[in-house]
Amino acid sequence: MTFIKNFEYVLGRDKKEINKFGKIGCGYLGKTIVQMGATFSLTNNIYMDLAKPHIVLVCGKRGTGKSYTLSVIAEEITLFSKQIGKNIAGVMFDTMGIFWSMLYPNYQDADLVKSSGLQPQGVPVNIFINEKSIEKYNSLGIKYKGLIKLAVGELSVVDWALIFRLDINSEEGILLQKVLANIIDKKKEFDLDNIIAAIEKTKANEKAKLLLANLFEGAKGWGLFDSKGTPIDQIVLPGEVAIVDVSTFEFLYGWSVRALVIGLILRKIFDARVTARKIDESEQMSHYIPNVKPPTMEKFKYLPQVVALIDEVHEFIASDTETPATKPLLQWIREGRQPGLTLIMATQEPGILSPTVLSQVDIVISHLLTSKKDIEALRSVAQTYMHYDIAEYFSTLPRVKGVCLILDDNSEKLYTLRVRPKLSWHAGASPNILDKEINKDKFIYK
Ligand SMILES: Nc1ncnc2c1ncn2[C@@H]1O[C@H](COP(=O)(O)OP(=O)(O)OP(=O)(O)O)[C@@H](O)[C@H]1O
Ligand SMILES: [Mg+2]
């Protein structure tokens with residue numbers, strides 16, 4: 001049994017860990033739902049472990065509360081004490097441009113927040129945006145912390161081929177490989193103009209040269225590339241949550257530019273955390289073994305453990321398409337445990353995700369699903385501790401926003417939960433023209 005005191009539950013911890021740590025380093029998610037006849041009541045508190053690495057899937061059909069749940073988890077990271085917070089950071093990839101509103105208190109649902117024993121409050125998230133959105137953010141008076149820039153030299157041939165949708169074996173693809181190999185040999189840092197100049201100098205089919213040079217010329221207008229990228233330790237800050245607004249990145253190439261931003265940031269975090277773990281290990285060893293000295297931190301970009309939250313993840317790691325974020329996501333999923341990386345992914349369509357995601361998740365938070373394919377996907381992760389079919393559990397859930405079913409491999413339990421109300425403003429609601437009119441004295445029905 002995984003009760004802690006007063007019948008509170010902790011997701012993501014086994015009995016031994018609960019005995020040792022209780023709910024320290026956990027985020028408060030909401031309350032369990034208990035059905036009594038025709039009524040439902042909210043009873044025991046549920047917390048989620050954020051102190052050690054997890055792979056979490058948040059799913060549910062349109063408008064059931066996935067983005068809301070992600071921001072509840074992000075809020076919890078900002079609320080950690082200094083002692084816990086210095087060891088953990090959150091990075092939320094905002095695919096719809098909705099999470100900026102977390103800076104403001106949730107006055108729209110103030111009654112609900114207060115009835116849960118909480119107070120509406122904005123949380124101090126750090127917003128990172130595309131250079132192209134500066135004007136929009138300024139005109140709306142939204143404070144942002146910095147710009148997202150990617151270093152041209154950090155992109156591989158495969159990254160470019162994926163965003164430009166080039167076949168690596170086509171004439172343009174082969175030219176791209178040649179040009180990049182040449183530049184990388186000569187320079188460590190370079191920009192798009194250097195690539196265009198190198199294309200022009202290379203002996204190759206003129207049509208292929210023109211096409212490739214035009215693609216890079218176009219990319220200059222995205223406001224994304226520079227010879228130096230935004231340093232990862234400026235985005236990932238201990239105890240803080242970065243919101244990376246990828247919603248306004250170039251859409252001409254579908255989601256691939258957004259995927260590129262996500263993929264490169266995930267890659268940088270992974271590499272920095274592998275180094276950080278070495279620092280941690282030698283620090284630990286130095287207490288036991290006299291000739292092991294802990295490395296001096298200044299030489300490295302020391303990052304705390306990271307919880308990455310990604311909305312609409314099926315756009316980046318579906319089973320049938322590769323994007324520039326696919327490999328970095330798979331790396332986090334397969335190898336992220338040792339460097340202490342937690343991935344929390346939300347999707348409307350668990351049924352189209354790469355099977356690796358489904359086989360590695362240890363916590364599933366599922367809001368209502370009705371499509372056969374998606375229920376089937378959850379069935380594939382259903383565990384021996386489930387007594388009934390997953391569809392039966394869904395049929396008993398009350399049809400209220402934020403209600404979900406949780407499968408937790410760590411405690412080997414299934415829970416029904418209503419996610420707590422957000423403290424901060426949620427900008428992801430469906431717009432309704434009547435909301436704008438509701439405060440008017442006269443309402444004309446037509
Ligand atoms: N835990 C909750 N408590 C109260 N209201 C909630 C809760 N979760 C969601 N809602 C309400 O439901 C609305 C839709 O939630 P949300 O934006 O998270 O949907 P979604 O599942 O992300 O939808 P989509 O698939 O379209 O992105 C919110 O605007 C909010 O009003
Ligand atoms: Mg959403």
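When you check Ser81 against the structure, is it in the same structural domain as His314 (by TED's automatic domain parsing) and loosely packed, with under 14 Cβ neighbours inside 10 Å, yes or no? Working first, answer last.
On the way: in the same structural domain as His314 (by TED's automatic domain parsing): yes; loosely packed, with under 14 Cβ neighbours inside 10 Å: yes.
For Ser81, the condition - in the same structural domain as His314 (by TED's automatic domain parsing) and loosely packed, with under 14 Cβ neighbours inside 10 Å - is met.
Could you tell me which of the residues Ala89, Ala38, Ala51 is over 18 Å from the mean Cα position of the chain (by Cα), of a type in the set (A, V, I, L, M) and assigned by TED's automatic domain parsing to the domain that holds Arg258?
Numbers: Ala89 fails: over 18 Å from the mean Cα position of the chain (by Cα); Ala51 fails: over 18 Å from the mean Cα position of the chain (by Cα).
Result of the check over Ala89, Ala38, Ala51: Ala38.
Does segment 297-315 contain any residue that is free of Cβ contacts under 8 Å to residues at least 60 places away in the same chain and within 16 Å of ligand 1 (Cβ to nearest atom)?
Quick first cut of segment 297-315, residues free of Cβ contacts under 8 Å to residues at least 60 places away in the same chain only: 297-300, 313-314.
Going one step further and asking which of them are within 16 Å of ligand 1 (Cβ to nearest atom), we end up with 313-314.
Yes, there is a match, as at least one residue in segment 297-315 is free of Cβ contacts under 8 Å to residues at least 60 places away in the same chain and within 16 Å of ligand 1 (Cβ to nearest atom).
Quick one: Lys61 ticks every box in (1) under 17 Å from Leu309 (Cα atoms); (2) within 16 Å of ligand 2 (Cβ to nearest atom) bar one, so which box is it?
Failed condition: (1).
Being among the acidic types (Asp, Glu), at pLDDT below 95, out of contact with any strand residue (DSSP E or B) (no Cβ under 9 Å at 6 or more places or on another chain) and not assigned by TED's automatic domain parsing to the domain that holds Ser101 is the requirement here; does Asp191 meet it? Can you show your working first?
Values: among the acidic types (Asp, Glu): yes; at pLDDT below 95: yes; out of contact with any strand residue (DSSP E or B) (no Cβ under 9 Å at 6 or more places or on another chain): no; not assigned by TED's automatic domain parsing to the domain that holds Ser101: yes.
No; evaluated as a whole, the condition is false for this residue.
For Lys136, indicate whether it is away from ligand 1 (no atom under 16 Å from the Cβ), outside any loop (DSSP other than H, G, I, E, B), assigned by TED's automatic domain parsing to the domain that holds Cys404 and among the charged types (D, E, K, R). Before you say what the answer is, go through the steps one by one.
Working: away from ligand 1 (no atom under 16 Å from the Cβ): yes; outside any loop (DSSP other than H, G, I, E, B): yes; assigned by TED's automatic domain parsing to the domain that holds Cys404: yes; among the charged types (D, E, K, R): yes.
Taking the combined requirement at face value, the residue satisfies it.
Yes or no, residue by residue, for (1) assigned by TED's automatic domain parsing to the domain that holds Ala377; (2) within 16 Å of ligand 2 (Cβ to nearest atom); (3) over 17 Å from the mean Cα position of the chain (by Cα):
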{"site": "Val236", "(1), (2), (3)": "yes, no, no"}
{"site": "Val241", "(1), (2), (3)": "yes, no, no"}
{"site": "Val246", "(1), (2), (3)": "yes, yes, no"}
{"site": "Leu260", "(1), (2), (3)": "yes, no, no"}
{"site": "Leu264", "(1), (2), (3)": "yes, no, no"}
{"site": "Ile269", "(1), (2), (3)": "yes, no, no"}
{"site": "His287", "(1), (2), (3)": "yes, no, yes"}
{"site": "Pro290", "(1), (2), (3)": "yes, no, yes"}
{"site": "Lys327", "(1), (2), (3)": "yes, no, no"}
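Let's see how each residue does on (1) of a type in the set (A, V, I, L, M); (2) surrounded by fewer than 24 Cβ atoms within 10 Å (Cβ to Cβ); (3) within 30 Å of Ala151 (Cβ to Cβ):
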position: Asp271; (1), (2), (3): no, yes, yes
position: Phe316; (1), (2), (3): no, no, yes
position: Gln338; (1), (2), (3): no, yes, yes
position: Thr370; (1), (2), (3): no, yes, no
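The values are calculated or read from the model by the stated rules, or taken from the named source; none is laboratory data. Every value quoted in this text rests on a predicted model; they were computed, and no experiment measured them. Cβ: placed from backbone, ideal geometry, glycine included. Neighbour counts: every protein chain shown.
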